[in-house]
Amino acid sequence: MLPRTLLCPPTIVAACLATAVFAGSALADGLLPTHRLSAATAGAIVSEAVASCARQDYAETAVVVDADGVQQALLRGDRAGSHTLNSANDKAYTAASFKSDTSALVERAKTAPGFAALFTQLPHLMLFGGGVVIKVGDEVVGAVGAAGAPGANLDEACAKAGVDKVRDQLK
């Protein structure tokens, strides 16, 4: 049996429960709704990015990161160099971090020396084309980075091919 001091009348218990429910809904107001890529979608993006470059005889690696820049999927294509693993990851991380394709960041850095300096001071930022944001509406839900083709514009085209493959799922 519980000590008398721990027993509460039903009306007090009901009031405590109601307060807890209202407090819980107030906390929910402080949360941000977000979207996430499924593993299957992330896998399809890297697969198509690598396949798109392979059709052009480029040995490519593709990496998908979530909106925070955390790696979610990676595919190293046949004969892709080991350096492409870090390059693709850093391009995706940079795009997700800045919520912008890396080719646009390259252009911005040409006229903003202070901005360009960030890329020498912070780890995993890469000022090179080939990182493409993945959006649902206006919300950035991730990014894909591609590396290995003989040019940033070619890497970017392969990364975009990966996103285009799943475009209908990004609604």
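The values are calculated or read from the model by the stated rules, or taken from the named source; none is laboratory data. The structure displayed is predicted, hence computed values, not measured ones. When we count neighbours, we look across all protein chains shown, and the Cβ atoms used for this are built from the backbone with ideal geometry, even at glycine. Note: areas computed on protein heavy atoms with side chains; ligands, DNA, RNA excluded. Shrake-Rupley method; radii C 1.70, N 1.55, O 1.52, S 1.80 Å.
Key figures
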read-out	value
Ordering of 76-85, 108-117 by burial proxy (mean other Cβ atoms within 10 Å per residue, highest first)	76-85, 108-117
For peptides 31-42, 140-151, sequence by mean Cβ density within 10 Å, most packed first	140-151, 31-42
Accessible surface of region 105-149, 1.4 Å probe, proportion on carbon and sulfur as whole %	59
Per residue accessible area of region 58-171, 1.4 Å probe, in Å²	48
Around residue 136: net Lys/Arg minus Asp/Glu count, Cβ-Cβ under 11 Å	+2
Computed lengthening from residue 35 to residue 168, 0.36 nm per intervening residue step minus Cα-Cα distance	46.4 nm
Per-pair calculated FRET efficiency, R0 = 45 Å: residue 115 and residue 47 via Cβ, rounded to 0.05	0.85
Dipole-positive endmost among 56, 40, 88 within region 35-110 (Cβ charges, Cα centre)	88
